[in-house]
Every structure is written in structure tokens, then in C-alpha cells.
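The values are calculated or read from the model by the stated rules, or taken from the named source; none is laboratory data. Remember, it's a predicted structure, so these values are computed and weren't measured experimentally. Cβ coordinates were reconstructed from backbone atoms using ideal geometry, including for glycine residues, and neighbour counts include every protein chain displayed.
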Amino acid sequence: MSHKKILMCLFLLYIVFFMFPVFLFSGPYDLNVIDTPKTYISYKGDLQFDFSMYDRGGILGSAVLAIADYAFLGVYFDIGQMIGSEEVNWNQPGVLARFLVSDGSTFLPPIAIGYSYFMKGDINKVDSITVNGIYIVASQTYFLFGNEQSVTFGLRYPIIPLNFSRPENLTLFIGTDLELSPAFGIKGEIENIHFSENRWPENYYNFSFAFHIVDVISLALEFKYSPSINRMIRLLRIGYTTHF
């Protein structure tokens, strides 16, 4: 194992064993459906840590702080092939941001604009770079299984990498949460939808099973499929939340 992998493993162990006690006093705080963003009203000082393990041993981690009840800022790091014997692919850290435009208290539904990475995993990178860009997302609630559920929909425009920032790469997404109990939920979404019909095979169909362990840890098993790659991608996601 290379020195870089050893240092990163030590860093992750530090997060788990030294910062874990801080997370024991807070519940899960869901920022996304699977890969696509949500609209929500945060609380100033909320601090979210999120780690996802994706195909070929990659890790995507993020830290997000709500700077107001209507906005958050954060950073993420993406390390491809972190686990295994292949050469580690270090991506440049990126920025996460979201601003709530409407909280749904008027005639407009909840609407937010932001900046984020688009999809996790090596298969979704362009020139080995994680795609980043701006998005606008709206949501609508409905009742099912005796609980209030939500559906989100919006569009994304890539900014990074620069050679990928073109109008034809504008995409749509739609997703929903189905909270079946306080401890378990199912999520589904379709993302990377293009306006051009001949690019519909590039759509991604994502499903997730989310577990909230005694309101301490959020754990999700995520599955992604696209006809363009014709195979299932599996991801494991762990989230922690506390208050700053």
C-alpha cells in the first residue's frame, strides 16, 4: 500500500474514532435524494458530514455547514481508487453551496439554487475529473403510506470541466423520498436526462434503501443503472450530523 493510501486511511480512522462521539447527539440530516439535490429549510449551525464509497474503491466525502436558515456552504473531496492496488486518482477538492429562494410559504413551491458535483463514481467522470456545476431544484409534498413524502425536480448545467460546459450537456432530474417509518425509507430518481431523444440511453435510474440507526447514523445502500453502461453500480453512503 502506498504512503498516500496509508495517510488517507489514518485520516478516515481519525474521523471515525475521534469525531464519532460528537455525532452521537444528533440525528440524520439528508441533503440529497441519491445524487440529485433537494430543497429543504436548514437550521443555522447544522453541520453535516457525508462519506460515499463507490465503484473501483473510490471515496467521496463532504462537510457542509448551514450558515443561515436558508443557505449552506461546504467542501468535498473525491479520491478515485483509494481502496485497492490501482494508482490513486486525486481529484481537486470542490465547493458545495445552496441558497433557498422560496420556502413554499407563498404561491411558489420550495425552490433552491446551488453548486455541487453531479454524479459519484469513476464511470461518470469526464477526463478523469468529477463534473461540477450549477443547479436549480424545486419540490412538492404529497401523502402516501400515512406520511408526508416529497418529490424533487430540476435541472443542472455543468461548469467543470470547462470543455464539458456546453448547452447540450444541460440535464434534467426528478426524484422522490418514500419514508416508510422513522428508521427506514426508499428513494428513487432519474437523472442525466437530456432534451435530445437520442441521448436518452444516457439516463441514470437510481434506487436507494436508507436506514436511520437510532437517530444517530444515516446509512444508505445506493444502486445506479444506465443503458449506456449496461451494468449496475453499487454505492455505500454514511452520514453524520451535529450542530456547530
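Considering (1) at pLDDT below 85; (2) touching a Lys or Arg at 6+ places or on another chain (Cβ under 8 Å); (3) over 25 Å from Ile233 (Cβ atoms), say which one Ala71 fails and leave the rest. That leaves (1) as the condition not met. Figure legend. Inter-residue proximity from region 123-139: first residues in contact (Cβ under 8 Å) with a residue 40 or more places away in the chain and in a strand (DSSP E or B), second residues surrounded by 17 or more Cβ atoms within 10 Å (Cβ to Cβ) and basic (Lys, Arg), beta-carbon distance below 7 Å, spacing 6+ or different chains. Indicated pairs: Tyr135/Arg156; Val137/Lys38; Ser139/Lys38. Here region 129-147 is the region considered, the condition is being in contact with a strand residue (DSSP E or B) (Cβ under 6 Å, 6 or more places away or on another chain) and within 23 Å of Val88 (Cβ to Cβ), and the residue that is surrounded by the most Cβ atoms within 10 Å (Cβ to Cβ) is Thr130.
Cβ separations smaller than 6 Å between residues 6+ apart or across chains give the following pairs from region 56-75 residues that are closer than 19 Å to Tyr240 by Cα to residues that are part of a strand (DSSP E or B) and hydroxyl-bearing (Ser, Thr, Tyr): Leu60/Ser52; Ser62/Tyr76; Gly74/Ser62. Across region 45-55, a minimum of one residue is classified as assigned to a helix (DSSP H, G or I), closer than 20 Å to Tyr117 by Cα and at pLDDT 75 or above.
Checked against (1) over 17 Å from Phe223 (Cα atoms); (2) surrounded by 20 or more Cβ atoms within 10 Å (Cβ to Cβ), Asn124 meets all criteria but (1). Taken as a whole, the structure leaves Ser181 outside the set of residues that are of a type in the set (Gly, Ala, Ser) and either closer than 16 Å to Gly121 by Cα or surrounded by 14 or more Cβ atoms within 10 Å (Cβ to Cβ) (or both). Entry remark, region 214-244: residues being closer than 28 Å to Glu168 by Cβ, touching a residue at least 12 places away in the same chain (Cβ under 8 Å) and either of a type in the set (Lys, Arg) or not in a strand (DSSP E or B) (or both) number 4 in total.
Looking only at residues of region 58-98 that are small (Gly, Ala, Ser) and not in a strand (DSSP E or B), we find that the one that is surrounded by the most Cβ atoms within 10 Å (Cβ to Cβ) is Gly84. The single condition from (1) polar (S, T, N, Q); (2) part of a loop (DSSP other than H, G, I, E, B); (3) at pLDDT 80 or above that Ser42 fails is (3).
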